[in-house]
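Trainee: Attaching a single structure in structure tokens format; questions to follow.
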Amino acid sequence: MCSFDAMKESIENVRLLFTLTTSDLQEIKEAFQEEMARGLRGEKSSLKMLPVYMGRPKGTEKGDFIVLDMGGTNFRLMKVHLNGKRGARIEAAMRQTIPKKLRQGSKEELFDFLAHHLGTFLHKCQYQDTSFAFTFSFPMVQKSVSSGMLVRWTKGFTVPGVEGEDVALLLSEALQRKGIPHLRLRALLNDTVATLLTASYQSPGFDMAVILGTGTNACYIESSTCLQVNLEENLGEEVIVNLEWGNFNRLPVNEYDHLLDISSPNPGEQRMEKMVSGLYLGELVRLILLKIKGKSSPPYSLSSKKLTSLISNDMTDPREKEIADLVFSRSAQIVAATIVAVITWLDPHVNNHHRVAVDGALFTGYRRYRKRIEEFICQLLPNKGKLIELYPIKSGSGIGAAVACAMN
Ligand code: BGC
């Protein structure tokens, strides 16, 4: 008698494990701000707080630019037109999945693959200019706008020999091998930074950008005086800081989080990402279903896209629906608490209106998820939550890289 009651009992337990209270969210917010402060002081912190050598665009940047955008599972090539009046258009685009064997293979194979497709795309577009921008959506320490050292792989990449290396150099070596050495990298940037540049190019007043896709991360605009680390050059009054919030590690974790973490290629790292982003939500649900229903399927076979259709399908077992919903909901709670942490860091009493640019399929593809984040922000800031506005940004990582090219 696998009794329905035993099952119900387990689901109740899952509900307990995955529901955060308002006071949990307050604690997360406070712990997050402590980590921000440590990171900005250059002390040990789970938030890397990486300064970026780029300011806000004016909106008058103009021209046609080629962008190579390496996100997580996919990479894209684009030709972007900026009209100099805050308008942008993608004139040509190509998208491809990065095969798993390249995500885990040799560095030459990975960069040769990117260089090959870049060359083919340029040829197809009959593009005359010799420069391009590269959105590389991984943690990088940057000492200039066109170079960056990979700190750690995330999102299932394990290619050896790249951590600690300048990815701009690795790409230029691959371009040489492919016989296109004349191409010059004008801007190298993280996708959060590109999203902030896209939003700020289109209209002024954005403080922060967030990615909620395969991975998760955020950047914001900080006053240079708060940054107590040595910079290669003076960055002016404001500096964009890449939080690398996916690595935040002061969250209440449960047995499923633990199980997922220890069987991942990077145990102990990206703890927040593993509770929030698209790559991992389906895996959490799969692990729960395995435990309470004995329903077995291969690891990572349940994508977040499948999860959203599972939730909206009337034929789905209501218990499965509830589990998926709980896992999504906790992700939205954590994101709400960390957005509130950043905004109240900038404006402790939320006296002003704040605009947050958000890109990534988890956010743009699932309305209910976005609504949840907004509700949890209001729960944390009962009278002020509505002053924080989330703006979905399309193709943020592509357009922003073109803006960066035009600025440099
Ligand atoms: C990476 C970040 C990136 C985020 C979203 C994370 O895994 O560490 O650099 O911004 O994914 O793509």
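The values are calculated or read from the model by the stated rules, or taken from the named source; none is laboratory data. Note that the structure is predicted; figures quoted are calculated from it, not measured. For neighbour counting, all protein chains shown are included, and Cβ atoms are generated from backbone atoms with ideal geometry for every residue, glycine included. What goes into the accessible areas is simple: the full protein's heavy atoms, side chains included, and nothing from ligands, DNA or RNA. Shrake-Rupley method; radii C 1.70, N 1.55, O 1.52, S 1.80 Å.
Trainee: Within straight cross-link reach of Lys178, meaning Cα distance under 15 Å, which aspartates and glutamates are found once same-chain residues fewer than 8 apart are removed?
Mentor: Glu108, Glu109, Asp112
Trainee: Here is a further query. Quick one: Karplus J couplings for the stretch 397-406, per residue in order, coefficients 6.51, -1.76, 1.60, θ = phi - 60°, nearest Hz, x for Gly and Pro?
Mentor: Those phi angles translate into 6, x, 4, x, 5, 5, 4, 4, 4, 5 Hz.
Trainee: Enumerate the amide H contacts of Gly360 below 5 Å, restricted to partners 5 or more residues apart or on another chain; note that Pro and chain-start residues carry no placed amide H.
Mentor: Leu212
Trainee: For a quick protection proxy, order the peptides 143-151, 245-253 by their average other-Cβ count within 10 Å, most packed first.
Mentor: In descending order of packing, they fall as 245-253, 143-151.
Trainee: Still on this structure, I have one more. What is the P(r) of the stretch 200-285, as percent of Cα-Cα pairs per 10 Å bin from 0?
Mentor: Per 10 Å bin, starting at zero, the Cα-Cα P(r) for the stretch 200-285 comes out as 15, 37, 25, 19, 4 percent.
Trainee: Answer with one residue from Cys405, Phe111, Leu122: the one whose Cα lies farthest towards the positive end of the charge dipole of the chain, charges on Cβ with Lys, Arg +1 and Asp, Glu -1.
Mentor: Leu122
Trainee: Taking Rh as the Kirkwood radius, which is the inverse of the mean 1/r over Cα pairs, what is the Rg/Rh value for the stretch 139-295? The partial results should precede the final answer.
Mentor: Values: Rg = 18.6 Å, Rh = 18.0 Å.
With Rh from the inverse mean 1/r over Cα pairs, Rg/Rh is 1.03.
Trainee: Under 8 Å for C-alpha pairs, at least 6 residues apart: give me the relative contact order for the chain, rounded to a whole percent.
Mentor: It comes to 22 percent, rounded to a whole number.
Trainee: Right, next: So for the stretch 43-186, what percent of the C-alpha to C-alpha distances run longer than 25 Å?
Mentor: Of all Cα-Cα pairs in the stretch 43-186, 31 percent lie more than 25 Å apart.
Trainee: Hey, another quick one. With +1 assigned to the C-beta of every Lys and Arg and -1 to the C-beta of every Asp and Glu, and no other charges, what is the dipole magnitude of the stretch 68-122 about the Cα centre in debye, to the nearest 20? The partial results should precede the final answer.
Mentor: Working: 10 positive and 5 negative charges, 65 e Å.
That gives the stretch 68-122 a dipole magnitude of about 320 debye.
Trainee: Also: Principal axis lengths of the chain from Cα atoms, whole Å, largest first?
Mentor: 70, 48, 39
Trainee: Applying the Karplus parametrisation 6.51 cos²θ - 1.76 cosθ + 1.60 with θ = phi - 60° to the phi angles of the stretch 289-295, what ³J(HN,Hα) value in whole Hz is obtained for each residue in order, glycine and proline being reported as x?
Mentor: Listing the rounded values in order: 5, 4, 6, 8, 10, x, 7 Hz.
Trainee: Right, here's the next one. Give the cross-link partners of Lys293 among the aspartates and glutamates, using a straight C-alpha distance below 14 Å as the criterion and excluding same-chain residues fewer than 8 apart.
Mentor: The reachable aspartates and glutamates, counting only those whose Cα sits under 14 Å from Lys293, are Asp5, Glu9, Glu12, Asp317, Glu320, Glu322.
Trainee: Can you give me the long-range amide H partners of Ser147? Hydrogens built in the peptide plane at 1.01 Å from N, cutoff under 5 Å, separation of 5 or more residues or another chain.
Mentor: Excluding prolines and chain starts, which carry no amide H, the hits are Leu188.
Trainee: Quote the charge dipole size of the stretch 170-229 about the Cα centre in Debye, to the nearest 20; the model charges only the Cβ of Lys and Arg (+1) and of Asp and Glu (-1).
Mentor: Charge dipole, the stretch 170-229, about its Cα centre: 400 debye, nearest 20.
Trainee: If packing is taken as the average count of other Cβ atoms within 10 Å, what order do 66-75, 169-178 fall into, highest mean first?
Mentor: Put in order of decreasing packing, that is 66-75, 169-178.
Trainee: If you place +1 on the Cβ of every Lys and Arg and -1 on the Cβ of every Asp and Glu, how big does the dipole about the Cα centre of the chain come out, in debye to the nearest 20?
Mentor: 1120 debye
Trainee: When the C-alpha atoms of the stretch 101-180 are aligned to their principal axes, what extent does each axis show, in angstrom, from largest down?
Mentor: The Cα atoms of the stretch 101-180 stretch 35, 30, 20 Å along their principal axes.
Trainee: Also, quick follow-up: If you count only protein heavy atoms with a 1.4 Å probe, what accessible area per residue comes out for the stretch 153-243, rounded to a whole Å²?
Mentor: 37 Å²
Trainee: Okay, helix-only estimate at 222 nm for the chain: each DSSP H run of n ≥ 4 adds -39500 (n - 2.57), divide by all residues, round to 500 deg cm²/dmol; what do you get? Present the calculation step by step, with values, prior to reporting the outcome.
Mentor: Details: 14 runs with 176 residues, N = 408.
Theoretical 222 nm ellipticity from helices: -13500 deg cm²/dmol.
Trainee: Per residue and in Å³, how big is the convex hull formed by the alpha-carbon atoms of the stretch 298-407?
Mentor: Cα convex hull per residue, to the nearest whole number: 137 Å³.
Trainee: Sticking with this one: Applying a 10 Å radius around every beta-carbon, put 187-194, 340-347 in order of their mean neighbour count, most first.
Mentor: Values: 187-194: 29.5, 340-347: 21.0.
Listed from highest to lowest mean packing, they are 187-194, 340-347.
Trainee: Let me ask you something else. Efficiency by 1/(1 + (r/R0)^6): what FRET value for Lys386 and Gln126, r their Cβ-Cβ distance, R0 = 56 Å, to the nearest 0.05?
Mentor: So the FRET efficiency works out to roughly 0.70.
Trainee: What ³J(HN,Hα) values, in whole Hz, does the Karplus curve 6.51 cos²θ - 1.76 cosθ + 1.60 give for the stretch 271-280 when θ = phi - 60°, with x put for Gly and Pro?
Mentor: My calculation for the stretch 271-280 gives 5, 5, 4, 6, 9, 10, 8, x, 5, 10 Hz in order.
Trainee: A further question on this structure: If you wrap a convex hull around the Cα atoms of the stretch 1-105, how much volume per residue is inside, in Å³? Numbers along the way, then the final one.
Mentor: Values: hull volume 30.6 nm³, N = 105.
Convex hull of Cα atoms, per residue: 291 Å³.
Trainee: What whole-number value in Å² describes the accessible area per residue of the stretch 312-408 for a 1.4 Å probe?
Mentor: 41 Å²
Trainee: Next up: For the chain, what % of the accessible area comes from carbon and sulfur atoms, probe 1.4 Å?
Mentor: 50 percent
Trainee: Among Arg76, Arg15, what's the order by accessible area (1.4 angstrom probe), most exposed first?
Mentor: Arg15, Arg76
Trainee: Within the stretch 138-240, which chymotrypsin sites (Phe, Trp or Tyr not before Pro) sit in a loop by DSSP and count at most 10 neighbouring Cβ atoms inside 10 Å?
Mentor: none
Trainee: Please compute, over every Cα-Cα pair in the stretch 361-408, the percentage with a separation greater than 15 angstrom.
Mentor: In whole percent, the long-distance tail amounts to 57.
Trainee: Grab every C-alpha pair in the stretch 222-375, bin the distances at 5 angstrom width from 0 up to the longest one, and report whole percents.
Mentor: Each 5 Å bin holds this share of Cα pairs: 1, 8, 16, 18, 17, 14, 10, 7, 5, 3, 1, 0.
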